[in-house]
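Worksheet: one structure, shown below.
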């Protein structure tokens with residue numbers, strides 16, 4: 001459903017889809033293979049000509065149908081990729097994927113894609129918090145009813161409600177930044193992660209060089225079976241989705257006919273009902289809530305895939321292939337909807353004032 005042309009813009013942003021598309025994923029694998037080869041050439045482990053031949057290959061030179069066939073046969077996509085790369089470099093075939101393993105390539109590529117995905121999320125959060133800040137500047141001193149347990153409490157400033165949301169989003173942005181520092185790591189280690197195919201420190205120099213080239217971090221000895229870094233990132237995205245869900249839900253509540261204090265700017269036909277012509281439903285807030293719920297729920301699944309057995313566990317690892325990209329996609333969709341809310345939000349100050357006035361009269365009539 002996330003790929004259906006009818007629905008895809010409801011559940012994810014175009015930018016995030018470009019990060020996790022099949023083309024982008026294969027490109028990331030290829031980039032890691034090429035980067036590894038360049039640094040191996042610098043250490044004289046493979047000829048420079050081998051690295052140059054590999055650099056000359058692009059995704060357009062690959063047969064994706066054959067990659068699919070090999071994937072279904074082998075159960076891993078890198079085996080078929082390496083076979084195609086070796087055929088294309090001719091005499092340098094034995095130096096492709098030299099001393100590497102499938103997980104080196106896929107994990108490093110995953111970190112690269114997560115890095116780009118997080119940059120998109122952080123940019124969206126900056127836009128969103130700026131939009132909320134503008135609302136605070138414009139209507140922050142407006143008084144409205146505060147509500148606890150679904151009941152009128154006492155009047156509050158609209159700016160207080162909005163500032164709570166803005167500051168919470170800033171904390172979510174900080175949590176994403178902190179998780180990135182722990183989870184965006186290069187994975188170069190070979191079959192069991194310990195660089196046993198290298199001698200005299202060359203493995204560590206290559207690992208650090210690849211990390212520097214790709215803008216990733218280095219952890220020792222490896223994280224083949226230590227998935228806490230990925231869990232941190234996905235969990236932080238889930239926390240953001242929880243905040244976006246709450247904000248969307250509250251905007252929708254305040255937009256209800258019974259409260260009617262906040263609303264999305266209506267354009268003719270937007271939020272229309274097929275059966276009730278008088279209705280103009282709050283679409284951005286309802287989609288923001290729904291997609292954020294999906295993102296949070298998808299993120300919660302990452303814990304299922306952190307309990308690896310021994311040095312590698314395919315049954316754990318494969319689950320990440322779905323959970324990580326879809327969490328990013330759904331988070332991007334939820335964030336886009338909440339951005340739309342605050343780009344078009346209107347506050348009915350008259351309705352807010354009437355409710356505060358009614359409260360004041362009722363409070364005055366109460367015996368002291």
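The values are calculated or read from the model by the stated rules, or taken from the named source; none is laboratory data. Here the structure is a predicted model, which means the values were calculated and not measured. For neighbour counting, all protein chains shown are included, and Cβ atoms are generated from backbone atoms with ideal geometry for every residue, glycine included.
Overview of values
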item: Residue, nearest to residue 92 (Cα to Cα), within region 34-59, restricted to residues that are more than 35 Å from the chain's Cα centre (by Cα) and in a helix (DSSP H, G or I); result: 50
item: Meets criteria (within 19 Å of the chain's Cα centre (by Cα) and surrounded by 20 or more Cβ atoms within 10 Å (Cβ to Cβ)) for residue 28; result: yes
item: Residues of region 196-208 classified as surrounded by 20 or more Cβ atoms within 10 Å (Cβ to Cβ) and at pLDDT 95 or above, total; result: 3
item: Residue count, region 281-297 (criterion: part of a helix (DSSP H, G or I) and without any contact (Cβ under 8 Å) to a residue 60 or more places away in the chain); result: 11
item: Qualifying residue in region 329-341 (condition: crowded, with 17+ Cβ neighbours inside 10 Å, under 20 Å from residue 128 (Cα atoms), touching a strand residue (DSSP E or B) at 6+ places or on another chain (Cβ under 7 Å) and at pLDDT 85 or above); result: yes
item: Matching residues in region 355-368 - criterion: being surrounded by 14 or more Cβ atoms within 10 Å (Cβ to Cβ) and over 42 Å from the mean Cα position of the chain (by Cα); result: 359
item: Filtered residues of region 209-256 (kept if over 14 Å from residue 284 (Cα atoms), without any contact (Cβ under 8 Å) to a residue 40 or more places away in the chain and surrounded by fewer than 18 Cβ atoms within 10 Å (Cβ to Cβ)); result: 212, 217, 218, 219, 220, 221
item: Selection count, region 62-121, where residues are in a loop (DSSP other than H, G, I, E, B) and out of contact with any helix residue (DSSP H, G or I) (no Cβ under 7 Å at 6 or more places or on another chain); result: 3
item: Residue count for region 179-207, restricted to those that are under 18 Å from residue 45 (Cα atoms), in a helix (DSSP H, G or I) and in contact with a helix residue (DSSP H, G or I) (Cβ under 9 Å, 6 or more places away or on another chain); result: 4
item: Selection status of residue 151, surrounded by fewer than 21 Cβ atoms within 10 Å (Cβ to Cβ), more than 30 Å from residue 224 (Cβ to Cβ) and modelled with pLDDT under 95; result: yes
item: Residue match in region 353-360 (condition: at pLDDT below 95, in contact with a strand residue (DSSP E or B) (Cβ under 6 Å, 6 or more places away or on another chain), part of a helix (DSSP H, G or I) and more than 23 Å from residue 152 (Cα to Cα)); result: no
item: The listed residue being within 24 Å of residue 318 (Cα to Cα) and either in contact with a helix residue (DSSP H, G or I) (Cβ under 7 Å, 6 or more places away or on another chain) or surrounded by 16 or more Cβ atoms within 10 Å (Cβ to Cβ) (or both), out of 128, 170, 176; result: 176
item: Hits in region 343-352 (condition: part of a helix (DSSP H, G or I) and surrounded by 11 or more Cβ atoms within 10 Å (Cβ to Cβ)); result: 343, 344, 349, 351, 352
item: When residues of region 303-317 are limited to those that are part of a loop (DSSP other than H, G, I, E, B) and touching a helix residue (DSSP H, G or I) at 6+ places or on another chain (Cβ under 6 Å), the one nearest to residue 191 (Cα to Cα); result: 308
item: Only listed residue being free of Cβ contacts under 8 Å to residues at least 12 places away in the same chain, surrounded by fewer than 21 Cβ atoms within 10 Å (Cβ to Cβ) and farther than 30 Å from residue 291 by Cα, chosen from 65, 3, 49; result: 65
item: Flag for residue 189 being surrounded by 19 or more Cβ atoms within 10 Å (Cβ to Cβ) and touching a strand residue (DSSP E or B) at 6+ places or on another chain (Cβ under 9 Å); result: no
item: Matching residues, region 80-117, being under 30 Å from residue 182 (Cβ atoms) and either surrounded by fewer than 16 Cβ atoms within 10 Å (Cβ to Cβ) or touching a strand residue (DSSP E or B) at 6+ places or on another chain (Cβ under 9 Å) (or both); result: 107, 108, 111
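For (1) modelled with pLDDT of 95 or more; (2) closer than 23 Å to residue 327 by Cα; (3) assigned to a loop (DSSP other than H, G, I, E, B), each residue gets a yes or a no:
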residue: 212; (1), (2), (3): yes, no, no
residue: 229; (1), (2), (3): yes, yes, no
residue: 241; (1), (2), (3): yes, yes, no
residue: 244; (1), (2), (3): yes, yes, no
residue: 259; (1), (2), (3): no, no, yes
residue: 266; (1), (2), (3): no, no, yes
residue: 269; (1), (2), (3): no, no, yes
residue: 278; (1), (2), (3): no, no, yes
